[in-house]
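Single-structure report; data block below.
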Amino acid sequence: MATGGKPMVGVIMGSRSDWEYMAAAAEVMDELQIGHEVRVLSAHRTPEQTLEYAAAASGRGLKTIIAGAGGAAHLAGVIAAKTILPVIGVPMPSALNGLDSLLSIVQMPKGVPVATMAIGKSGAANAGLFAAAIIALADVGLAERLTEWRAARTREVLEQRLP
Ligand code: RP5
């Protein structure tokens, strides 16, 4: 899946079951017209393919990778081990309500960073926005779209009326 031409963001997740939450990242990037691709890749079920994807990402033109995983969520860290692209981790809800996923992703040892978002859909949407902010540093048009996207959220709040 790609929008806005060549994919600039890779959205990967450990299982198809994560799509329920990770779709929020793709949706926000659709709104901002950021080309992205979506793949299921698992650090433990498809380790070779996951490492190959990370190693090839920069050469294929990707600018950042969003990785969602749940449980012992090592996917984002494994991706970050094989690329110097910014990696954004999204903890998936789990049997432990995503707390295990969050701690697995956020507690990267020194040297290999992963930018960790909130658990679930909010984190996935913010991952899309964070990827947008990274790419907007070198893309004036996207910077304008992101600024307008934020302004629209402000207007939504100010237009709210309670009974
Ligand atoms: C992780 O295990 C995935 O990221 C998912 O969040 C979790 C459960 O996967 P399934 O058993 O639903 O495929 O690898």
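Observations on the model:
- With helices as the sole contributors, the chain gives -14000 deg cm²/dmol at 222 nm; each DSSP H run of n ≥ 4 counts as -39500 (n - 2.57), and the sum is divided by every residue.
- In the stretch 124-163, Rg over Rh equals 1.14, where Rg is the alpha-carbon radius of gyration and Rh the Kirkwood radius from pairwise Cα distances.
- The calculated P(r) of the chain, using every Cα pair and 5 Å bins from 0, goes 2, 10, 19, 22, 20, 13, 8, 4, 2, 1, 0, 0 in percent.
- Order of Val9, Val38 - criterion: other Cβ atoms within 10 Å of each residue's Cβ, fewest first: Val38, Val9
- Here the gap between Glu159 and Glu52, fully extended at 0.36 nm per residue and compared with their Cα-Cα distance, gives a gain of 33.7 nm.
- Size of the stretch 1-62 as Cα extents on the principal axes (Å, biggest first): 32, 29, 11
- Equivalent ellipsoid semi-axes, the stretch 16-94, via Cα gyration tensor eigenvalues times 5, rooted, Å: 18, 17, 10
- Computed from phi, the 3J(HN,Hα) profile of the stretch 112-122 under the Karplus parametrisation 6.51, -1.76, 1.60 (θ = phi - 60°) reads 10, x, 10, 6, 9, 9, 6, 6, x, 4, 4 Hz, with x in place of Gly and Pro.
- Among Pro86, Pro47, Pro109, residue whose mean-square fluctuation peaks in a GNM of the chain (springs only between Cα atoms under 10 Å): Pro109
- The radius of gyration of the Cα set in the stretch 58-114, together with its Dmax, comes out at 11.5, 37 angstrom.
- Ranking of Met108, Met22, Met92 by count of other Cβ atoms within 10 Å, fewest first: Met108, Met92, Met22
- Spatially proximal aspartates and glutamates relative to Lys82 (Cα-Cα < 12 Å; intrachain offsets below 8 disregarded): Glu48, Glu52
- For the stretch 89-163, the calculated P(r) over all alpha carbon pairs, in 10 Å bins from 0 to the bin holding the longest distance, is 18, 32, 30, 19, 2, 0 percent.
- Compared with the direct C-alpha span, the chain from Trp149 to Ala72 gains 24.3 nm at full extension, assuming 0.36 nm per residue.
- Relative contact order computed over the stretch 1-112 (Cα-Cα under 8 Å; 6+ residues apart), in percent: 26 percent
- Cut-off under 5 Å, modelled amide H: who pairs with Thr64 long-range: Gly10
Read-outs throughout are calculated quantities, based only on the coordinates presented, and are distinct from any laboratory measurement. Since the model is a prediction, treat every value here as computed from it, not as a measurement. Using ideal geometry, Cβ is built from the backbone for each residue, glycine included, and neighbour counts are taken over all protein chains shown.
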